[in-house]
């Protein structure tokens, strides 16, 4: 059954004027979407475009380029192989499932269009439910939210367990909303919340919806994140979009059992990573789209107040676009005061990498493991990863390092890393690196299975354009 749900944008939302986008179920009436501004690329901040809607079954999407004469169109990830029909300066295509797309006209990667087709939400909170605290568009004092959320309602004598941001513009006066244990925060489609959500020493919290967390007006050094999860357990983030956070989109420190699904984010500041985690375990990141101006995914051990190993992390069914730094990064930070940390049991599966652009060679690597701070990184699997042509960097960077910008000491070891069913099609000629640090701090047991570069199977280090140093053991290609 075909279903389509679109959301009106609130008054005051920031738009762009590069595209007109409409959607419909086959044979139905076209519905025009609001085209939001999504700033991209720290090197030269520009205004890309973004739309979103929910769907089930099949929908048609019509896009009109309002300023460029359409000569060439790319719908990325290219692996989706979505056919389209061009009509003058417009294109029409069908989606038979939810997708997250980047659409480029005439090779324009920065003033491009992002289309987020979500699945229809299951059982969203209802404003009429007595367990739901509905916040209408306004400037909200957080102490008022806390008071209302703790006040029993007249219907059943219980305090609300859901905070519901209704469609419209919301401003958190104190910026940070600390979410209590056992609470759902719901950002409805058509809602924009200027502020940041914090889970600190809590458990059983859900942050979900179809709306936007908007941080573009905050200064870089305010360091606000879209969602901060620290010393917490059983946290779920689902469906929302984060625009231009000064710091990480989602920040995870010393936390367990975190599930992130259908999350979308754009960033333009230094250190505006996508999803970073320190000293945490049992994390699943599923079906996300991150276009970031620092690492899209970064997995570390000890950092700041968060002390310990990191393990059991799965990242799957997702798309990453690093306008700066690495799409996928492991290993930099650890407990160098003691014996370092172990970062282990990491899985990346079914991933599309759309961009990797980094001017500094020390931070190259679409897939990077840089073990510093006495860290041991082991049992890492990359599978079913498709890397498209990128601007500047290298494909693989596997190094035990002493990065003097961040590491007081070198790392300990990298071992048992598998790359299986990896494809790269592009013009980059910078060699990939596999380096140990010295005879005791080595990189060992690195396996490449069915890795193809520009449709050619990599059978040895030379055919894959790899540079290996003397402190590497048991590197295999098959």
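Table: residues versus (1) assigned by TED's automatic domain parsing to the domain that holds residue 240; (2) in contact (Cβ under 8 Å) with a residue 40 or more places away in the chain; (3) assigned to a strand (DSSP E or B).
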position: 74; (1), (2), (3): no, no, yes
position: 79; (1), (2), (3): no, yes, no
position: 82; (1), (2), (3): no, no, no
position: 86; (1), (2), (3): no, no, yes
position: 93; (1), (2), (3): no, no, yes
position: 102; (1), (2), (3): no, yes, yes
position: 107; (1), (2), (3): no, no, no
position: 110; (1), (2), (3): no, yes, no
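Scan the range 6-20 for residues that are surrounded by 15 or more Cβ atoms within 10 Å (Cβ to Cβ) and within 18 Å of residue 211 (Cβ to Cβ) and report the count.
Residues in the range 6-20 being surrounded by 15 or more Cβ atoms within 10 Å (Cβ to Cβ) and within 18 Å of residue 211 (Cβ to Cβ): 6 in total.
Scan the strands (runs of 3 or more DSSP E) fully inside the range 181-279 and keep the ones with 2 or more residues being farther than 23 Å from residue 50 by Cβ and touching a strand residue (DSSP E or B) at 6+ places or on another chain (Cβ under 8 Å).
Output list reads 191-200, 203-209, 227-230, 233-238, 250-253, 256-261, 275-278.
Just need a number here: residues in the range 432-478 that are within 18 Å of residue 353 (Cβ to Cβ) and crowded, with 16+ Cβ neighbours inside 10 Å.
8
In the set 3, 31, which member is more than 26 Å from residue 194 (Cβ to Cβ) and without any contact (Cβ under 8 Å) to a residue 40 or more places away in the chain?
31
Picking from 107, 189, which residue would you name as being under 30 Å from residue 62 (Cα atoms) and surrounded by 15 or more Cβ atoms within 10 Å (Cβ to Cβ)?
From the options 107, 189, the qualifying one is 189.
Can you confirm whether the range 46-56 contains a residue that is surrounded by 14 or more Cβ atoms within 10 Å (Cβ to Cβ), in a loop (DSSP other than H, G, I, E, B) and not assigned by TED's automatic domain parsing to the domain that holds residue 139?
Taking every residue of the range 46-56 in turn, none turns out to be surrounded by 14 or more Cβ atoms within 10 Å (Cβ to Cβ), in a loop (DSSP other than H, G, I, E, B) and not assigned by TED's automatic domain parsing to the domain that holds residue 139.
The values are calculated or read from the model by the stated rules, or taken from the named source; none is laboratory data. Everything quoted here is computed from the prediction, not taken from an experiment. Note: ideal-geometry Cβ built from the backbone for every residue, glycine included; neighbour counts use all protein chains shown.
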